[in-house]
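Undergrad: Quick one: structure below, then a few questions.
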Amino acid sequence: MFGYYWLFKPRWYKVMFRCPPSLVLTLILRLAVILLHSSRMGGPLAVSVLICLLTSSVGYPLLKGKPDDKHFNHVRNTTSKTTELATHCTADGFGAIMLDDKGVMHFFRDEYVWTGFHGLAQLINETWGGLDGPVDAAFRVHSKEQPLAHQRMFVFKGSQVWSFFEGLLVPGFPRNISLEFPGVPDNLDAAVECHLGECKTESVIFFKDDTVYIYSPREVPAVKIRHWTALGPCSAAVRWMEKYFCFKGVNFTRFNPVTGEVLSPKLLDTRDYFVRCPGRGHGSKQNYSHSSIINRCSGQSFEAFTSDDKGRTYAFRGGWYIRVDSVKDGWHAWPLNHTWRTLHGQVDAVFNWENRMYFIQGSKVITYVTDQLYIPVLGYPKSVHEELGVTGIDAAFTCPSSSKLYVIKGNTLTMVDLVQSPRVARDNKTIAISQVDSAMCNEHGIYLFQGPHYYWYKDVAELEAATELPKIGIVTTQFFDC
């Protein structure tokens, strides 16, 4: 029997149950036949192995899939008859919401869990080993300084916490909350991770009644108590696409994870934004023109692209923006004021320099600090000519670690040294391309966008020296996985 030990090693177990069900069943049956003819105990052993593998294959948790256009994954549902009547579209809301290590969102209520944007109900104890519902809170760890803990999921119930990674319960769990998170109380209402740069350090925000416990293990004291009266209690919380959401039953609001300030003008319904329900959805009544703006694959041109000092890449169109670099958590268009609170309407160009993001709108420029979230800089807007020494901009870009701003107008490339005061436009160059919609420079090179197409250059010298256009690229294919 020891000759078959390899079959039960964890890696083989995980690989087998990620195979198509038909292939898994075929392998199991063939194995049973081999065992049946290979030893005296073949008959009993074959039956035992067959039963073990068949029952194990049904309950493998956190099945993964490919992200769809609604920012969640297609997940194969292993729904039993006992879950057929459970729906995520009632007014009950959820007890906990969490992204897993693959970017799939899970919604917990009572003894059920829904996986993805439109997944069917599953029993928690059938899909999350060792855990029974209901659960109190859940979050996904973000700690790149601790690779073994990074992307682990923590689920809280009563006085205990469970930890999962890649669909499996981490050895040593469940544990008491007081041991894993000293200073954090039992019977929580909600929890959400806060990333470095959005909070001062890697932290976890715990909610219980009207008290907030900010757990930052690298600070002294490790737990800070806050009372965010404007936000109030949260029944669930989640970080998604660099935004923080507090759920109050079926409704939710955005909040600032540092101050607790409420960022949404009114409560919104979860069924219009986070789960798909018949006849609902915040975009269901929009016209075709609006749909082409927020649909990343529509082929409509973007007014601006930019990549900031932290590697966050944005595409702007029609008063909305899409994060280009966060495909793991899905694709979604947001109004500009979701991230840049005082910014509205169409932008003409965007560039970054020294932890600041500059937005050009007509003859005005608006600036935001990019340290934690995006904070408007006092004294703006200013005129483009006053701030940059130029008049008229089709596109603009800065390259990483450079103070040189390049402005494109028609087929003219102009350089402005941002260190100088006052700033003066100089070094005008004629380039091979004209009528550019937007431009961006990052560690991979320079991208000039024109309608649904883009052109790539290794650096500014190559752009200035080119006498003809380089190979054409498709924006939706290269940047948006369409």
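Undergrad: Is one or more of the residues making up the range 128-148 outside any loop (DSSP other than H, G, I, E, B) and among the β-branched types (Val, Ile, Thr)?
TA: Let us first name the residues in the range 128-148 that are outside any loop (DSSP other than H, G, I, E, B), namely 137-140.
Next, only the ones that are among the β-branched types (Val, Ile, Thr) stay: none.
There is no residue in the range 128-148 that is outside any loop (DSSP other than H, G, I, E, B) and among the β-branched types (Val, Ile, Thr).
Undergrad: Moving to a separate point now. Out of all the residues in the range 129-139, is one or more touching a residue at least 24 places away in the same chain (Cβ under 8 Å), assigned by TED's automatic domain parsing to the domain that holds residue 240 and more than 27 Å from residue 251 (Cα to Cα)?
TA: There is at least one residue in the range 129-139 that is touching a residue at least 24 places away in the same chain (Cβ under 8 Å), assigned by TED's automatic domain parsing to the domain that holds residue 240 and more than 27 Å from residue 251 (Cα to Cα).
Undergrad: While we're on this one: Would you mind listing the strands (runs of 3 or more DSSP E) fully within the range 152-240 where at least 1 residues are free of Cβ contacts under 8 Å to residues at least 60 places away in the same chain, under 30 Å from residue 310 (Cβ atoms) and in contact with a strand residue (DSSP E or B) (Cβ under 8 Å, 6 or more places away or on another chain)?
TA: Values: elements: 153-157, 160-165, 190-194, 203-208, 211-215, 223-226, 236-240.
Of the strands (runs of 3 or more DSSP E) lying wholly inside the range 152-240, those with at least 1 residues that are free of Cβ contacts under 8 Å to residues at least 60 places away in the same chain, under 30 Å from residue 310 (Cβ atoms) and in contact with a strand residue (DSSP E or B) (Cβ under 8 Å, 6 or more places away or on another chain) span 153-157, 160-165, 190-194, 203-208, 211-215, 223-226.
Undergrad: Same structure, new question: Scan 181, 255 and give me the residue that is hydrophobic (A, V, I, L, M, F, W, C), under 19 Å from residue 149 (Cα atoms), assigned by TED's automatic domain parsing to the domain that holds residue 138 and crowded, with 17+ Cβ neighbours inside 10 Å.
TA: On the way: 255 fails: under 19 Å from residue 149 (Cα atoms).
Selected residue: 181, the only one of 181, 255 that is hydrophobic (A, V, I, L, M, F, W, C), under 19 Å from residue 149 (Cα atoms), assigned by TED's automatic domain parsing to the domain that holds residue 138 and crowded, with 17+ Cβ neighbours inside 10 Å.
Undergrad: Counting only residues that are assigned to a strand (DSSP E or B) and within 21 Å of residue 325 (Cβ to Cβ), how many does the range 438-452 have?
TA: Within the range 438-452, the subset assigned to a strand (DSSP E or B) is 438-442, 445-450.
Subsequent filtering for residues that are within 21 Å of residue 325 (Cβ to Cβ) retains 438-442, 445-449.
Within the range 438-452, residues that are assigned to a strand (DSSP E or B) and within 21 Å of residue 325 (Cβ to Cβ) number 10.
Undergrad: Can you tell me which condition residue 391 does not meet? The list is (1) exposed (fewer than 14 other Cβ atoms within 10 Å of the Cβ); (2) out of contact with any helix residue (DSSP H, G or I) (no Cβ under 7 Å at 6 or more places or on another chain), and all the others hold.
TA: (2)
Undergrad: When the range 371-389 is examined, which residues are found to be in a loop (DSSP other than H, G, I, E, B), touching a strand residue (DSSP E or B) at 6+ places or on another chain (Cβ under 6 Å) and more than 16 Å from residue 419 (Cβ to Cβ)? Even if it seems obvious, please write down each step before you answer.
TA: As a first pass, look at the range 371-389 and keep what is in a loop (DSSP other than H, G, I, E, B): 371-374, 377-381, 389.
Restricting the remaining residues to those that are touching a strand residue (DSSP E or B) at 6+ places or on another chain (Cβ under 6 Å) gives 374, 377, 380-381, 389.
Hits for the range 371-389 are 374, 377, 380, 381.
Undergrad: I want to confirm something. Restricting to the range 140-178 and keeping residues that are closer than 19 Å to residue 214 by Cβ and polar (S, T, N, Q), which single residue is surrounded by the most Cβ atoms within 10 Å (Cβ to Cβ)? Before the answer, list the steps.
TA: Quick first cut of the range 140-178, residues closer than 19 Å to residue 214 by Cβ only: 140-143, 145-146, 149, 154, 156, 161, 177-178.
Keeping just the survivors that are polar (S, T, N, Q) gives 143, 146, 178.
Details: 143: 18, 146: 11, 178: 14.
Going through the qualifying residues, I end up with 143.
Undergrad: Which ones in the range 332-362 are modelled with pLDDT under 90, in contact with a helix residue (DSSP H, G or I) (Cβ under 7 Å, 6 or more places away or on another chain) and either assigned to a loop (DSSP other than H, G, I, E, B) or among the charged types (D, E, K, R) (or both)?
TA: Selection gives 344 alone.
Undergrad: Another question, if that's okay. Quick check on my filter: what residues within the range 293-313 are buried (at least 22 other Cβ atoms within 10 Å of the Cβ) and part of a strand (DSSP E or B)?
TA: If the condition is that a residue be buried (at least 22 other Cβ atoms within 10 Å of the Cβ) and part of a strand (DSSP E or B), then 304, 305, 306, 307 are the ones that fit.
Undergrad: Ok, one more. Mind counting the residues in the range 364-416 that are without any contact (Cβ under 8 Å) to a residue 12 or more places away in the chain and closer than 22 Å to residue 313 by Cβ?
TA: Residues that pass the stated criteria total 3.
Undergrad: May I pose another question? Give the residues of the range 412-437 that are closer than 21 Å to residue 469 by Cα, part of a loop (DSSP other than H, G, I, E, B) and of a type in the set (Ser, Thr, Tyr), sorted by residue number.
TA: Across the range 412-437, the qualifying residue is only 434.
The values are calculated or read from the model by the stated rules, or taken from the named source; none is laboratory data. Everything quoted here is computed from the prediction, not taken from an experiment. So basically every Cβ, Gly included, is an ideal-geometry build from the backbone, and we count neighbours across all protein chains shown.
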